[in-house]
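Have a look at the structure below, then the notes.
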Amino acid sequence: MRILTQPQVTSLLPMGECIPLMEHALASLSRGEVVLPLRPILRIPGTHNVFGMMPAYSSALPAFGAKMITVFPGNHGSGLDSHQGAVLLFDAADGRLVALLDASSITAIRTAAVSAVATRLLARDDAATLALLGSGVQARTHLEAIALVRPITRVQVWSRTPAHAVAFATWAGRAHDVSVHVCESAQHAVRGADVVCTVTSAREPVLRGEWLAPGMHVNAVGASQPDARELDSAAVARSRVFADRRESLLHESADFLTPLREGLVSERSVVAELGEILIGTARGRERADEITLFKSLGLAVEDLAAACHVHSRAEREDIGTEVALGGLRPTD
């Protein structure tokens, strides 16, 4: 088995390579090539912390596996990622455990890469101003990813902790050729934006429908549980809604389930999965003035595709640590 650390995974999974990987994974899902159970979640009593297991199999990939991950929202700003764990890869031919990979880096990169796929499919071609609600790990990877698919020249960032937004702006000004503006409120950050990414650990809405302007595209990323949301009901009701997977959206997303219970949307309000657009069975943006919303839940097949790519590169380049865990039958 090959063990790959966070720095190693990051070096082997550049964003420019991950975006097409996510396109292939989502298309494969919509073609029916993927087995993807809903993730079981263990909730830590008395906290908002969870432990999740995300298994996946794809006939298009050489391995199957699972991501085992903890989500501790309180880690934001502490020096620890809110998402920590490991991805386990098993050889599809003989069942061997072939790799253990850091999950924090895979999650950070593939999540933003999927948002980039959604942005490429749904945002206006001339989208140049990006609003980031949140300034943590996902804000950094989302800036990198969105800038690869749209001509971003201006970034407007807001954080509930102003110092974090300032730190992000300092980093972004050095790392990217964009103008970065720290905003005093989420509403100010959204004003004038073409693409909005909500990448917070909020449990109550930080983005309101009344702030959305014709032609905007929204990637709602930070909330992936049925008891936490970043968008109010009006934001969802005003938008054409797209999903990574309908089943996940209808079981795991408070962003969608809340307006559904309120009667503001229906299951038919979900226009398409991203994979359906990619394989040509559905259409994305149809008019320049419509508001599009991609609700990201994060899928195990995305982790699987990223991990298979990283493992393949690691074998070719002899990166990582090999350990023997067993599995061989004793010989006489």
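The values are calculated or read from the model by the stated rules, or taken from the named source; none is laboratory data. Note that the structure is a prediction, hence the values are computed from the model and not measured. Please note: Cβ atoms are built from the backbone with ideal geometry, for glycine as well, and neighbour counts cover all protein chains shown.
Here are the numbers:
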item	result
Which numbered condition A235 fails, given (1) over 20 Å from the mean Cα position of the chain (by Cα); (2) assigned to a helix (DSSP H, G or I); (3) under 23 Å from D194 (Cβ atoms)	(1)
Within segment 269-324, tally of residues that are within 30 Å of L212 (Cα to Cα) and assigned to a helix (DSSP H, G or I)	7
Hits in segment 277-299 (condition: among the hydrophobic types (A, V, I, L, M, F, W, C) and within 22 Å of A113 (Cβ to Cβ))	I277, L278, I279, A282, L293, F294, L297, L299
Residue check for T258: surrounded by 23 or more Cβ atoms within 10 Å (Cβ to Cβ), assigned by TED's automatic domain parsing to the domain that holds A272 and more than 22 Å from E286 (Cα to Cα)	no
So R124, is it buried (at least 20 other Cβ atoms within 10 Å of the Cβ) and either in contact (Cβ under 8 Å) with a residue 60 or more places away in the chain or closer than 17 Å to G215 by Cα (or both)	no
Residue identified as of a type in the set (G, A, S), assigned by TED's automatic domain parsing to the domain that holds R316 and over 24 Å from A118 (Cα atoms) among A92, A60, A25, A56	A92
Strands (runs of 3 or more DSSP E) contained entirely in segment 7-85, each with at least 3 residues that are surrounded by fewer than 16 Cβ atoms within 10 Å (Cβ to Cβ)	41-43
Test: residue in segment 72-87 that is free of Cβ contacts under 8 Å to residues at least 24 places away in the same chain and among the hydroxyl-bearing types (S, T, Y)	yes
Verdict on R110 being free of Cβ contacts under 8 Å to residues at least 60 places away in the same chain, within 17 Å of the chain's Cα centre (by Cα) and closer than 22 Å to L13 by Cβ	no
Failed item in (1) of a type in the set (A, V, I, L, M); (2) under 20 Å from T107 (Cβ atoms); (3) without any contact (Cβ under 8 Å) to a residue 40 or more places away in the chain, with V182 passing the rest	(2)
Every pair of residues 6+ apart whose Cβ atoms lie under 7 Å, when the first sits in segment 1-20 and is over 17 Å from V137 (Cα atoms) while the second is of a type in the set (F, W, Y)	none
Members of segment 255-290 that are charged (D, E, K, R) and in contact (Cβ under 8 Å) with a residue 60 or more places away in the chain	E273, E276, R285, D289, E290
Residues satisfying the stated conditions in segment 211-223, i.e. in a loop (DSSP other than H, G, I, E, B), on the phi < 0 side of the Ramachandran plot and surrounded by fewer than 22 Cβ atoms within 10 Å (Cβ to Cβ)	L212, A213, P214
